Amino acid sequence: MISFEEAYSRVLADTRPVTEVMSLPVEAALGRVLSAPVLAPAHVPNHDNSAMDGYGIRCADIAAEGVTTLTVVADLPAGDRLERTLGAGEAVRIMTGAPIPPGCDGVVMQELVQRNGDRVVVPAGRKPGENIRPAGEDIRAGAEVLPKGCRLRPAHLGLLTSLGFATIEVFRKPVVALLSTGNEVVEPGRSLLPGQVYDSNRSGLRAALQALGVEVLDLGLVRDDRAAIAAALARGGAEADAVITTGGVSVGDHDLVKEMLEGQGSIHFWQVAMKPGKPQAYGQLGRARFFGLPGNPVSGLVVFLLMVRPALLRMMGALDEPPRKMRALFRGTLHKKHNRKDFLRGVAHFGAEGVWVETTGPQGSGILTSFARANVLILLPEEPLRLVDGDLVWIQWIDHD
Ligand code: AMP
Ligand code: MG
């Protein structure tokens, strides 16, 4: 048995990003990963522009004391521009966002002036640059705006469009094959015989993979049968970048996944000092990384979140996203007796006293409601320990994408 930390670093250490890249319309790139840094092709904003509705002036025209009367020579809504240079004694009516005309070096807020016909009366004390947003204030031309490995979120797509990009280069999606095993496991939509369970693993994991943004190759559900498992594994190893199976990696008589993997590929390790999720199998299968998750529904999802997700992110070419961990006040009492790292499902709340957390109730690895209600994992160390109300614990937010 190896520690959680060792298993985690071994899983990540030999995971390589896909290399193939493709061009996509920005509007289709949500969740995709940039294969190269994005550099700004021009300044943003691309011209000096007004930060206020008001009057564009030449600050040198304004008397040091009292007021100065200027002649309004043009009206500039956003989108319009004055082609000629602003002359001595002239002002322009200008709206927020409109380009600053040549010669103009300040904008006076309209609340500060008095307008009479084509005249405007401006108070003293104007400073050059006032209420002007300079070109390049947001982004300088040539600057790196987004790094290689950026997973594109809504604001990133807006930013890319603001720079004029209609298409963008991203990595191709890794293909992840997904297989369920177990004689007792059945497809949803039919009635259960005694001893049977619905295939909840494949439905939860498929959704987790879709949310992460990989391509799912659904290998379906096979019985605990050597030939059936071998055939499914062979297909996954040939067609996918990663293969995820659930069930059959424990020490029972029908736990055949491990045995078949040993025949077709190689196992790097298979027991980890964690709860849930002690039996799991990592290895290589053809050209694919292999992740054999435990059959228990909670275990599978926990191991996916903690181990498989970071590896798949790396495979997608994404920058590492460290788990979002923080300290929280524990509510309740707890006695942990075993020597494995424990990942309890919890609900964290933001309260007046800070963040506090409670477990979601019974924590058996078959109790899927314990995960469905959770927003965090409560991270407990390997050593046995007792927790009482008000103790500080580490929590990790559950990331669904
Ligand atoms: P195993 O790891 O194959 O020994 O399975 C451990 C437990 O998880 C058993 O109670 C199985 O019935 C259950 N299980 C295995 N596969 C699934 C699945 N795809 N969906 C729901 N439960 C499962
Ligand atoms: Mg089984």
Using a Förster distance of 35 Å, how high is the FRET efficiency between Glu83 and Glu20, based on the Cβ-Cβ distance and rounded to 0.05?
0.10
Most fluctuating residue of Gly204, Gly366, Gly354 in a GNM of the chain with Cα springs under 10 Å: which is it?
Gly354
Any chance you could look up the accessible area of Asp389 with a 1.4 Å probe, heavy atoms only, rounded to 10 Å²?
90 Å²
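What does the convex hull of the alpha-carbon atoms of region 106-221 project to on average, in nm²?
On the way: hull surface 63.7 nm².
Computed as one quarter of the Cα hull surface, the answer is 15.9 nm².
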Please report, in debye to the nearest 20, how large the charge dipole of region 1-132 is about its Cα centre when each Lys and Arg carries +1 at its beta carbon and each Asp and Glu carries -1 there.
160 debye
Where in region 38-78 does the amide nitrogen come within less than 15 Å of the point 7 Å from the Cα of Arg115, taken along Cα to Cβ?
52-57, 70-78
Candidates Thr15, Thr71, Thr245; GNM for the chain (alpha-carbon contacts under 10 Å) flags as most fluctuating Thr71
Counting only protein heavy atoms, what percent of the accessible surface of the chain is carbon or sulfur at a 1.4 Å probe?
53 percent
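Which length gain, in nm to one decimal place, applies between Val355 and Thr333 when the Cα-Cα distance is subtracted from 0.36 nm times their residue separation? Don't jump to the answer; show the numbers that get you there.
Working: separation 22, 0.36 × 22 = 7.92 nm, distance 1.70 nm.
Extending this stretch completely gives an extra 6.2 nm.
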How large is the direction-averaged shadow of the alpha-carbon convex hull of the chain, in nm²?
27.8 nm²
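Does region 325-397 come out rounded, prolate or oblate, given a ≥ b ≥ c as the square roots of the eigenvalues of its C-alpha gyration tensor, rounded meaning a/c under 1.5 and, failing that, prolate meaning a/b above b/c?
Numbers: a/c = 1.71, a/b = 1.14, b/c = 1.50.
Oblate.
When the dipole is taken about the Cα centre of the chain, and only Lys, Arg (+1) and Asp, Glu (-1) are charged at their Cβ, what size is it in debye, to the nearest 20? Display every interim value, and only then the final one.
Values: 42 positive and 45 negative charges, 153 e Å.
So the dipole magnitude of the chain works out to roughly 740 debye.
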Quick one: if you stick a label point 7 Å off each Cα along the C-beta vector at Glu187 and Ile2, how many nm between them?
3.7 nm
If I model a spin label at Ala207 and Gln271 as a point 7 Å from the Cα along the Cα→Cβ vector, what separation in nanometres do I get?
3.4 nm
Value of relative contact order over the chain, rounded to a whole percent, pairs C-alpha under 8 Å and six or more apart:
16 percent
Which loop chymotrypsin sites (Phe, Trp or Tyr not before Pro) in region 247-301, with loop taken from DSSP, have no more than 16 other Cβ atoms within 10 angstrom of their Cβ?
none
Which of Val175, Val67, Val92 ends up with the largest GNM mean-square fluctuation for the chain, with Cα atoms connected below 10 Å?
Val67
Rounded to the nearest whole Å², what accessible area per residue is found for the chain with the 1.4 Å probe?
46 Å²
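Under 8 Å for C-alpha pairs, at least 6 residues apart: give me the relative contact order for region 203-353, rounded to a whole percent. Intermediate results must be reported in sequence, preceding the final value.
On the way: 195 pairs, mean separation 29.9, N = 151.
It comes to 20 percent, rounded to a whole number.
The values are calculated or read from the model by the stated rules, or taken from the named source; none is laboratory data. All values derive from a computational prediction rather than experimental measurement. Note that each Cβ is placed from the backbone with ideal geometry, even for glycine, and that neighbours are counted across all protein chains shown. The protein model used for the area step is the full one, side chains on, heavy atoms only, and it has no ligands, DNA or RNA in it. Shrake-Rupley method; radii C 1.70, N 1.55, O 1.52, S 1.80 Å.
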